[in-house]
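The values are calculated or read from the model by the stated rules, or taken from the named source; none is laboratory data. Because the structure is predicted, anything quoted here is derived from the model rather than measured. Cβ placement follows ideal geometry from the backbone for every residue including glycine, while neighbour counts extend to all protein chains displayed. Calculation scope for accessible area: heavy atoms of the full protein, side chains included, ligands and nucleic acids excluded. Shrake-Rupley method; radii C 1.70, N 1.55, O 1.52, S 1.80 Å.
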Amino acid sequence: MYSSKINSKDFPKNFIWGVASSAYQTEGAWDSDGKENSIWDTFTNDKKFPNGNGNTATNFYHNYEDDIKKIKELNLSAFRFSISWSRIFPLGIGEPNQEGIDYYHAIIDCCIENGIEPWVTLYHWDLPQALENLGGWTNREIIDWFSYYADFCTKEYSSKIKKWIVLNEPMSFIGLGYFMGIHAPGKKGLKNFLPAAHHATLCQAEGGRIIRKNIPDAFIGTSFSCSVVTPKNLFRRHRKAAKRLDALLNRFFIEPALGLGYPTKDIPGLKRIEKYFQDGDEEFMKFDFDFIGIQYYFRIVAQYSFFPPLLFANEIPAKKRNVKTNNMGMEIYPKGLYKMLKKFSKYKNVKHIYITESGVCFDDELINGEVEDKNRIKYFKKTFVICSKAIKRGIKLKGYFVWTLVDNFEWADGFKPRFGIVYNDFETQKRTIKKSGYWLKSFLKK
Ligand code: BGC
């Protein structure tokens, strides 16, 4: 299946090849030009946080011109980035910050001048701290706050941006940030998870409606994390555990948007989310997205377990399974991407699919001015073969965004996981294109 002979000509002419990033992981300038703290600024600047912070990150705030030129140099044609909410509204709502607004105009203009199409994510995890102080995603008022922000951005950038992504991976920022407490804002437990999850679902749909209203010709999507979930073995209790994990990780946020409601039939314990429903919410959760973004990084092997209660399933860590892993300990399993594409394309109302992130992290090293990241090239070859096969079999896959351009701040894991196709020296901020970047460049050569 993995013939290494893959060519960009195997893809339709209008297939989008891009690169993705996010504000907090790259911008730095955390307290510059009127910006106030986001939850990630607070979380990582706390003495207890062990893995550095994004105060400078890759200094994209100042380096954006060079980085955007690199996108062009590598023959990629689209750049997905996110807007930092607290740059636009330092306190979440209220007075907008002109310097923040101008900054994103500058990025967008720079993309356009370089022939790169900007794709904007409204929310990639960096909630203004001022809103977290009022309960953040657990407070239903987030619908008003998010609408205010989304309305402003879509009016401000309407003439230049047509491609919009409402949320980045709600299961990640709600699960890790409001259930497990290992991402900002560090909250734990179902009492936080359930309301936060429901409000994210409502914002996901409302965000879509706001974009549609303000930019009638916009192409609107939202992105989902996904993982292939396989049972430890074929015993019924493990198979059922895998089904529950799959419902939680892969179906929980897309199905309400499609009008199917939360998959509580398969995870009855999560029926408690209905406690946070108000009249009309079932309708409110729906939005007819033009496309969905899927972001696949690893496979999960599930087993029955007494903990956590309600889910009664957990994951057998990759390191106990003797499989190939990336340097965050996740199994490298490109084949799973095909399964995910198939799974999401089966939903009746999914019109187009984009892989809005795909990549792999290693301990890349700069030796004599070069980074030999052969395993990343292998990963791309395998995933591209899978994508081309998926398209040939009728899956409406329309684009692929590499995660990511420049090695950046990988959330709770700090700077160790290097995902970039461009190496970054975090001391000097000097960029060096890795072998994978050059490989991609020649792959995309017209
Ligand atoms: C996130 C990115 C992150 C990547 C790699 C995705 O879940 O959207 O922000 O860097 O995974 O872990």
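Full extension of the chain segment joining Lys335 with Lys13 gains 113.5 nm, where the gain is 0.36 nm per residue of separation less the Cα-Cα distance.
Checking every one of the chymotrypsin sites (Phe, Trp or Tyr not before Pro) in region 224-273 against DSSP loop status and a limit of 16 other Cβ atoms within 10 Å picks out Phe235. Annotation: peptides 129-139, 89-99, 7-17, ranked by per-residue average of other Cβ atoms within 10 Å with the highest first, follow the order 129-139, 89-99, 7-17. Need one word for region 264-304: rounded, prolate or oblate. Basis is the Cα gyration tensor (sqrt eigenvalues a ≥ b ≥ c); a/c below 1.5 gives rounded, then a/b vs b/c decides. Oblate is the answer for region 264-304, as a/c is 1.5 or above yet b/c matches or exceeds a/b. Measuring nothing but how far apart in sequence close Cα pairs (under 8 Å, 6+ apart) lie, relative to its length, region 8-443 scores a relative contact order of 16 percent. Using the average count of surrounding beta-carbon atoms within 10 Å as a protection proxy, the listed peptides 35-45, 63-73 rank, highest first, as 35-45, 63-73. Distance between the C-alpha centres of region 211-286 and region 42-96: 29 Å, rounded to the whole angstrom. Under the shape rule built on the C-alpha gyration tensor, where the axes satisfy a ≥ b ≥ c, region 1-148 is prolate, since a/c reaches at least 1.5 and a/b is greater than b/c. Which log10 I(q)/I(0) values does region 140-239 give at q = 0.13, 0.24 Å⁻¹ under the Debye formula, counting every alpha carbon as one identical point scatterer? Debye intensities relative to I(0), on a log10 scale: -0.58, -1.17.
For region 427-442, the Karplus equation 6.51 cos²θ - 1.76 cosθ + 1.60, evaluated at θ = phi - 60°, returns couplings of 6, 9, 6, 7, 9, 9, 5, 7, 4, 5, x, 5, 4, 4, 4, 6 Hz by residue, with Gly and Pro reported as x. Packing, as the average of other Cβ atoms within 10 Å across residues, places the peptides 432-438, 293-299 in the order 293-299, 432-438, highest first.
Of Phe307, Phe277, Phe146, the order by accessible heavy-atom surface (1.4 Å probe, DNA, RNA and ligands excluded), from most exposed downward, is Phe307, Phe277, Phe146. The 3J(HN,Hα) values that the Karplus relation (6.51, -1.76, 1.60; θ = phi - 60°) gives for region 158-174 are, in residue order, 4, 7, 9, 10, 10, 9, 10, 10, 6, 10, 9, 6, x, 4, 6, 6, 7 Hz. Gly and Pro appear as x. Each of His124, His105 has its accessible area taken with a 1.4 Å probe; listed largest first, they run His105, His124. Pair-distance distribution of the chain: all C-alpha pairs, bin width 20 Å, starting at 0; shares per bin in whole percent are 26, 62, 12, 0.
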